[in-house]
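Trainee: The following block contains the structure, expressed as structure tokens.
The values are calculated or read from the model by the stated rules, or taken from the named source; none is laboratory data. Please read all numbers here as calculations on a predicted model, not as lab measurements. Reconstructed Cβ throughout: ideal geometry from the backbone, glycine too, with neighbour counts over all protein chains shown. Note: accessible area is taken over every heavy atom of the protein model, side chains too, but ligands, DNA and RNA are not part of it. Shrake-Rupley method; radii C 1.70, N 1.55, O 1.52, S 1.80 Å.
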Amino acid sequence: MFYPLATSTWDREELAALQRVIDSGQFTMGPNVAAFEDEFAAYFGKKHAVMVNSGSSANLASVAALFYKKDRPLQRGDEVIVPVLSWSTTYHPLQQYGLRFKFVDISLETLNMTADVVRAAISPRTRMILAVSILGNPAEVDLMRAIADEHGLYFMEDNCESTDAALPNGRRTGTFGHLSTFSFFFSHHIATMEGGMVLTDDTELYHLLKSMRAHGWTRDLPHDSPLYERTGSDHFEAYRFILPGYNLRPIEMSAAVGREQLKRLPTMTARRRENLAVFQKLFAGDNRFIIQREHGKSSAYSFTVILNPGLDVDRERVFRMLREADIQFRMITGGCILRQDVRRYYDYEVHGSIKNGFIAHDRGFFVGNYPVPLKPQLHKLHEVLAEACR
Ligand SMILES: Cc1ncc(COP(=O)(O)O)c(C=O)c1O
């Protein structure tokens, strides 16, 4: 394929790391997971990291943990403010825990919800803001965290698409939430086959996450954890269950690969950003296309194009020409969730109108980005789109 959505970012180091795990014979969660968690937390300057088997699991464990906090836990029926554009499993745990969605629109320029809209959407029922930085582009997570603090709300960041992105002040996204989540699926900034991470500075949430991740048991908790009181019986403690948890554990191979990928993350992000500069030069200022306006420093997960709704451009013709040029593309993230059938299972309310989310869904798409030079591919993309829109 001339311009695929994604390619592998693994090198010899990742394959050697896999071999070391095989040689060790320790495949289930062990020293590599613990080391990757420490290294990841240190990279982001956070106290705690909990690795799980996917970004979806990171979201699920995070929402679950908030229901078991000692003080002010989330409760069924509580309202959560979320943007209408994200991946399906940003939303599903909220539904599974009986939370009520308050959907807000996104900015057509950044594709993220803005702090101003979040502030306006807060009601007496609101208990949490769930922010998403779409496709590498930082949302105003610093401002949103300040709003959450002002109103006594939980702030959760789904940073699955924006590892290594930074705000204008240089602080990284994924460091602002009471809980912030990451995905290491193929094509993401760090790829570990499957994998995810949660970052938090809150030690109670850290312990809740560790129990939620593994059967709801106490085995992975320190003996002085405030979540429970140990008895003197090792037999009883070995199978001691305190929470209705899951098995979301990652495997050693994923963590071993993640450690190698983390070492190369700054270089990989820099390379992604070199491609971003080429893309921006080609498309910025061409009013036929709306591209993501960068807020701070995007980690350039991929490149979005929205066909200007003011122009009479046939979307199907554009898509046909992209296919003919062997350029792979997809709907932006998962599209607007209010266009997906699953919304019928959600208890939701919409704040204001959702004009931009629908435009992004109906007239937008993304193409791939990865840490190898994509100049010919991006020039071809521009050529094809310019021809399709003539
Ligand atoms: C915003 C967002 N949240 C959550 C996920 C889920 O991550 P995973 O595929 O690792 O389960 C994704 C997946 O790409 C995502 O884009």
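Trainee: Which residue, Ala41, Phe101, Ala255, has the largest displacement toward the positive end of the dipole of the chain when charges sit on each Cβ (Lys, Arg +1; Asp, Glu -1)?
Mentor: Towards the positive end, the residue furthest out is Phe101.
Trainee: Tell me which trypsin sites (Lys or Arg not before Pro) from segment 163-256 have a DSSP coil assignment and no more than 13 other beta carbons within 10 Å of their own. Intermediate values should be presented prior to the final figure.
Mentor: Values: sites: Arg171, Arg172, Lys210, Arg213, Arg219, Arg230, Arg240; in loops: Arg171, Arg219, Arg230, Arg240.
Those satisfying the criteria are Arg219.
Trainee: In the chain, how does Rg compare with the Kirkwood Rh, expressed as the Rg/Rh ratio over alpha carbon atoms? Numbers along the way, then the final one.
Mentor: Numbers: Rg = 21.4 Å, Rh = 21.7 Å.
Here the Rg-to-Rh quotient is 0.99.
Trainee: Angle between the Cα long axis of helix 315-324 and the longest principal axis of the chain, 0 to 90 degrees, nearest 10?
Mentor: The helix 315-324 is inclined about 80 degrees to the chain.
Trainee: When ligands, DNA and RNA are left out and all protein chains stay put, how many square angstrom of accessible area per residue does the chain have with a 1.4 Å probe?
Mentor: Details: 16340 Å² over 390 residues.
That works out to 42 Å² for each residue.
Trainee: So if each residue of separation counts as 0.36 nm, and I subtract the Cα-Cα distance between Gln75 and His223, what length gain in nm does that give? Could you put the intermediate results ahead of the total?
Mentor: Details: separation 148, 0.36 × 148 = 53.28 nm, distance 2.82 nm.
Fully extending the segment from Gln75 to His223 adds 50.5 nm.
Trainee: While we're on this one: Which three numbers, in whole Å and largest first, are the semi-axes of the equivalent ellipsoid of segment 1-114 derived from its Cα gyration tensor as √(5λ)?
Mentor: Numbers: eigenvalues 216, 107, 36 Å².
Working from the Cα gyration tensor, I get semi-axes of 33, 23, 13 Å.
Trainee: Need one number: nm distance between label points at Arg343 and Ile22, each 7 Å from Cα along Cα→Cβ, rounded to one decimal.
Mentor: 4.8
Trainee: Whole angstrom only: what separates the Cα centroid of segment 1-60 from the Cα centroid of segment 285-324?
Mentor: Centre-to-centre (Cα) distance: 32 Å.
Trainee: Hey, another quick one. Arranged from highest to lowest average of other beta-carbon atoms within 10 Å per residue, in what order do the peptides 253-264, 7-18, 113-124 appear? Provide the component values of the computation, followed by the final result.
Mentor: Values: 253-264: 22.5, 7-18: 14.7, 113-124: 17.3.
Highest to lowest by the protection proxy: 253-264, 113-124, 7-18.
Trainee: A further question on this structure: Compute, for the chain, the length of the dipole vector about the Cα centre, with Cβ point charges of +1 (Lys, Arg) and -1 (Asp, Glu) only. Units Debye, rounded to 20. Walk me through the numbers on the way to the answer.
Mentor: Values: 45 positive and 46 negative charges, 102 e Å.
About 480 debye.
Trainee: Report the label-to-label distance for Arg230 and Asp314 in nanometres (one decimal), using points 7 Å from each Cα along the Cα→Cβ vector.
Mentor: Result for the modelled spin labels: 7.2 nm.
Trainee: State which entries of Lys70/Lys210; Lys297/Lys355; Lys46/Lys102; Lys297/Lys380; Lys102/Lys355 exceed 18 angstrom in Cα-Cα distance in the structure shown. Write down the numbers at each step before the final one.
Mentor: Working: Lys70/Lys210 16 Å; Lys297/Lys355 26 Å; Lys46/Lys102 29 Å; Lys297/Lys380 25 Å; Lys102/Lys355 15 Å.
With Cα atoms farther than 18 Å apart: Lys297/Lys355; Lys46/Lys102; Lys297/Lys380.
Trainee: Computed FRET efficiency, Cβ-Cβ of Arg330 and Thr203, R0 51 Å: what is it to the nearest 0.05?
Mentor: Values: r = 39 Å, r/R0 = 0.77.
FRET efficiency, Arg330 to Thr203: 0.85.
Trainee: Going by average Cβ neighbours within 10 Å, how do the peptides 293-301, 70-78 rank, with the highest at the top? List each step's numbers first, then the result.
Mentor: Numbers: 293-301: 23.3, 70-78: 12.4.
In decreasing order of mean packing, 293-301, 70-78 become 293-301, 70-78.
Trainee: Roll a 1.4 angstrom probe over the protein heavy atoms and tell me the percent of accessible area of the chain that is carbon or sulfur.
Mentor: The value for the chain is 51 percent carbon and sulfur by accessible area.
Trainee: Protein chains only, probe 1.4 Å: how do Phe358, Phe184, Phe27 rank by accessible area, largest first?
Mentor: Result of the area sort, largest leading: Phe27, Phe358, Phe184.
Trainee: Another question, if that's okay. State to the nearest 20 debye the size of the charge dipole of segment 250-390 about its Cα centre, where the only charges are +1 on K and R beta carbons and -1 on D and E beta carbons. Kindly include the intermediate steps, with their values, before the conclusion.
Mentor: Details: 23 positive and 16 negative charges, 75 e Å.
Computed charge dipole of segment 250-390: roughly 360 debye.
Trainee: Once you order the gyration tensor axes a ≥ b ≥ c over the Cα atoms, which shape class does segment 257-390 get: rounded for a/c under 1.5, otherwise prolate or oblate by comparing a/b with b/c? Don't skip to the end; give the middle numbers.
Mentor: Details: a/c = 1.88, a/b = 1.17, b/c = 1.61.
Because a/c hits 1.5 or more and a/b fails to exceed b/c, segment 257-390 counts as oblate.
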